[in-house]
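Asks: Handing you a structure now.
The values are calculated or read from the model by the stated rules, or taken from the named source; none is laboratory data. Given the structure is predicted, the values throughout are model-derived calculations rather than measurements. Neighbour counts run over all protein chains shown; Cβ positions are idealised from the backbone, glycine included.
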Amino acid sequence: MKVPFVDLKAQYVSIQGEIDAAIQEIITNTAFIGGKPVNDFEAAFAELYGINHCISVANGTDSLYIIMKMLGIGAGDEVITVANSWISSSETITQTGAKPVFVDIDPDYYSLNEQLLEAAITSKTKAIMPVHLHGQAVNMDEVMRIADKYKLPVVEDCAQSHFSEYKGKRVGTFGVAASFSFYPGKNLGAYGDAGAIITNDAKLAEKCKMYARHGALKKHEHQIEGINSRLDGLQAAILSAKLPHILDWTAARIHCADTYNSLLSAIPEIVIPKRREQTRHSYHLYVIRAKNRDGLANFLKERNIETAVHYPTALPNLKAYTYLGHKLVDFPVATAYQSQILSLPIYPELSIEQMNYVAESIKSFYS
Ligand SMILES: *Cc1c(COP(=O)(O)O)cnc(C)c1O
């Protein structure tokens, strides 16, 4: 049996007619950039989130950068984010001219430890960026309480948490704005790069849109210098075709996670992911901690089971951040976990046979 880490083909096949028709329509109408397909996707995504504004952009890195840049963050400022994430979270802080300030992860939930947040705030702090990593919601009650106390905007990185909820409310609707990625492997994935910003702040929405479109809301009326960050028509049409299925796909991911939980919970050498109470985890990733992680990963690979590590090096420990002068002891949990975490295959189309095979293989590795 084969268990790929992601299986984009399986999803395409399940909705091939809808995808092919959507692509064909764009080509027939040569609606390659902007126009109705892009506006329609923005409206549909905003509607699903019950939010006023959605600004589509080229990818989920640009969306983070644009939000922070348009909040006025720049040189001399600091933005707080989490020590374990994809580099976009911190890289975009640097792109604005500000300095990324890292907070260690929560030992149970793998995302920003809210108990360490307040201590990271200085007079230079200009924003807080929680990352709902793996699809698990950050403790937003605490993050928002601290942010309100210091009057700091919260920018949510929702690249891995489409339709995750915290206490019945979708993540991405707590802060001043949220950033989404539609990279092909994300829970809602395009067939290329794509991203979006959502916000209820009309002024911020207009600024972000202007900045992403060369500083102009109307052609040739450049009020500022901006950048070129657009969602193209083909990607917008593909995303619109997928949108009616996303809640079912999210439910299927949760079902897979529940199945893994029951299959794996009795194996003493691994720790299964804990779900934060009163949340809906969208399981972009199913991350275990494993004894002899590399040995297990190699064993699974020999059995045609692909796994991955998110991420092998915590952000502050990357070469890119040596200039910040952090020591390994500064982020003890993120540092300890980087050699223990292992992401198992999870996607809506994953079969019970495949999950059984993964579980049996893990058991035989340790026996
Ligand atoms: C994927 C990802 C991004 C960036 O998205 P791109 O569309 O690849 O630019 C940002 N943050 C996190 C946490 C991600 O996983």
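Asks: Among the residues of segment 226-274, write down those that are within 27 Å of Asp20 (Cβ to Cβ) and β-branched (Val, Ile, Thr).
Replies: Ile238, Ile246, Thr250 - these are the residues of segment 226-274 that are within 27 Å of Asp20 (Cβ to Cβ) and β-branched (Val, Ile, Thr).
Asks: Turning to a different aspect of this structure: Can you run down the residue pairs with Cβ atoms below 9 Å, 6 or more apart or on separate chains, where the first is in segment 140-156 and in contact (Cβ under 8 Å) with a residue 60 or more places away in the chain and the partner is buried (at least 16 other Cβ atoms within 10 Å of the Cβ) and of a type in the set (D, E, K, R)?
Replies: Hits for this filter: Pro153/Lys126.
Asks: Right, here's the next one. Leu64 - would you say it is within 16 Å of Cys158 (Cα to Cα), within 15 Å of the ligand (Cβ to nearest atom), in contact (Cβ under 8 Å) with a residue 40 or more places away in the chain and touching a helix residue (DSSP H, G or I) at 6+ places or on another chain (Cβ under 8 Å)? Please lay out each step first, then the result.
Replies: Values: within 16 Å of Cys158 (Cα to Cα): yes; within 15 Å of the ligand (Cβ to nearest atom): yes; in contact (Cβ under 8 Å) with a residue 40 or more places away in the chain: yes; touching a helix residue (DSSP H, G or I) at 6+ places or on another chain (Cβ under 8 Å): yes.
When the stated conditions are applied, Leu64 passes them.
Asks: Follow-up question, since we're still on this one. I'd like the full set of residues that are among the hydrophobic types (A, V, I, L, M, F, W, C), more than 10 Å from the ligand (Cβ to nearest atom) and part of a loop (DSSP other than H, G, I, E, B), limited to segment 136-180. Even if it seems obvious, please write down each step before you answer.
Replies: Looking only at segment 136-180, we keep the residues that are among the hydrophobic types (A, V, I, L, M, F, W, C), and these are 137-138, 140, 143-144, 146-147, 152, 154-155, 158-159, 163, 171, 174, 176-178, 180.
With the extra rule that they be more than 10 Å from the ligand (Cβ to nearest atom), the set shrinks to 137-138, 140, 143-144, 146-147, 152, 154-155, 163, 171, 174, 176-178.
Selection gives Ala137, Val138, Leu152, Phe163, Val171, Phe174, Val176.
Asks: So, Val79, is that one touching a helix residue (DSSP H, G or I) at 6+ places or on another chain (Cβ under 6 Å), more than 15 Å from the ligand (Cβ to nearest atom), modelled with pLDDT of 95 or more and assigned by TED's automatic domain parsing to the domain that holds Glu225 or not? Break it down into steps so the answer makes sense when it comes.
Replies: Details: touching a helix residue (DSSP H, G or I) at 6+ places or on another chain (Cβ under 6 Å): yes; more than 15 Å from the ligand (Cβ to nearest atom): no; modelled with pLDDT of 95 or more: yes; assigned by TED's automatic domain parsing to the domain that holds Glu225: yes.
The answer is no for Val79.
Asks: Now a separate question. Checking the conditions here, which among Leu285, Leu328, Leu344, Leu296 is over 21 Å from Ser164 (Cβ atoms) and buried (at least 17 other Cβ atoms within 10 Å of the Cβ)? So that I can check it myself, show each step before the final result.
Replies: On the way: Leu285 fails: over 21 Å from Ser164 (Cβ atoms); Leu328 fails: buried (at least 17 other Cβ atoms within 10 Å of the Cβ); Leu344 fails: over 21 Å from Ser164 (Cβ atoms).
From the options Leu285, Leu328, Leu344, Leu296, the qualifying one is Leu296.
Asks: Right, something else. Please enumerate the residues belonging to segment 83-99 that are within 13 Å of the ligand (Cβ to nearest atom) and either under 16 Å from Met68 (Cα atoms) or not hydrophobic (A, V, I, L, M, F, W, C) (or both). Explain how you work it out, then say what you get.
Replies: Narrowing segment 83-99 to residues within 13 Å of the ligand (Cβ to nearest atom): 83-93, 95.
Answer for segment 83-99, where residues must be within 13 Å of the ligand (Cβ to nearest atom) and either under 16 Å from Met68 (Cα atoms) or not hydrophobic (A, V, I, L, M, F, W, C) (or both): Asn84, Ser85, Ile87, Ser88, Ser89, Ser90, Glu91, Thr92, Ile93, Gln95.
Asks: A further question follows. Could we say that Ala147 is over 30 Å from Ser343 (Cα atoms) and either within 19 Å of the chain's Cα centre (by Cα) or not basic (Lys, Arg) (or both) here?
Replies: Here the answer is yes, as Ala147 does meet what is asked.
Asks: Could you grab me the full set of residues in segment 74-88 that are farther than 18 Å from Ile146 by Cβ and in contact (Cβ under 8 Å) with a residue 24 or more places away in the chain? Full working, then the answer.
Replies: Filtering segment 74-88 for residues farther than 18 Å from Ile146 by Cβ gives 74-76, 84-88.
Within segment 74-88, Gly74, Gly76, Asn84, Ser85, Trp86, Ile87, Ser88 qualify.
Asks: Please verify whether Glu156 is assigned by TED's automatic domain parsing to the domain that holds Asp201 and over 19 Å from Asp201 (Cα atoms), treating the condition exactly as stated.
Replies: On the way: assigned by TED's automatic domain parsing to the domain that holds Asp201: yes; over 19 Å from Asp201 (Cα atoms): no.
No.
Asks: How many residues are surrounded by fewer than 24 Cβ atoms within 10 Å (Cβ to Cβ) and part of a loop (DSSP other than H, G, I, E, B) if we restrict to segment 74-105?
Replies: 9
Asks: Looking at segment 194-229 only, could you name the residues that are away from the ligand (no atom under 14 Å from the Cβ) and part of a strand (DSSP E or B)?
Replies: Scanning segment 194-229 gives Ile198, Thr199, Arg213, Ala216, His222, Asn228.
Asks: Among the residues in segment 181-193, are any of a type outside the set (Asp, Glu), part of a strand (DSSP E or B), surrounded by 21 or more Cβ atoms within 10 Å (Cβ to Cβ) and within 16 Å of the ligand (Cβ to nearest atom)? Give the steps one after another, and end with the answer.
Replies: Of segment 181-193, the ones of a type outside the set (Asp, Glu) are 181-192.
From what's left, part of a strand (DSSP E or B): 181.
Of the ones still in play, those that are also surrounded by 21 or more Cβ atoms within 10 Å (Cβ to Cβ) are 181.
Next, from what is left, pick out any that are within 16 Å of the ligand (Cβ to nearest atom): 181.
Looking for residues that are of a type outside the set (Asp, Glu), part of a strand (DSSP E or B), surrounded by 21 or more Cβ atoms within 10 Å (Cβ to Cβ) and within 16 Å of the ligand (Cβ to nearest atom), one finds at least one in segment 181-193, hence yes.
Asks: Among the helices (runs of 4 or more DSSP H) contained in segment 290-367, which hold 1 or more residues that are of a type in the set (Val, Ile, Thr), more than 19 Å from Pro4 (Cβ to Cβ) and within 26 Å of the chain's Cα centre (by Cα)?
Replies: Details: elements: 293-302, 332-337, 352-366.
Filter on segment 290-367 gives 332-337.
Asks: For segment 229-251, enumerate the residues that are in contact with a helix residue (DSSP H, G or I) (Cβ under 9 Å, 6 or more places away or on another chain) and without any contact (Cβ under 8 Å) to a residue 40 or more places away in the chain.
Replies: Initial filter on segment 229-251 (in contact with a helix residue (DSSP H, G or I) (Cβ under 9 Å, 6 or more places away or on another chain)): 229-247, 249-250.
If the condition is that a residue be in contact with a helix residue (DSSP H, G or I) (Cβ under 9 Å, 6 or more places away or on another chain) and without any contact (Cβ under 8 Å) to a residue 40 or more places away in the chain, then Pro244 is the only one that fits.
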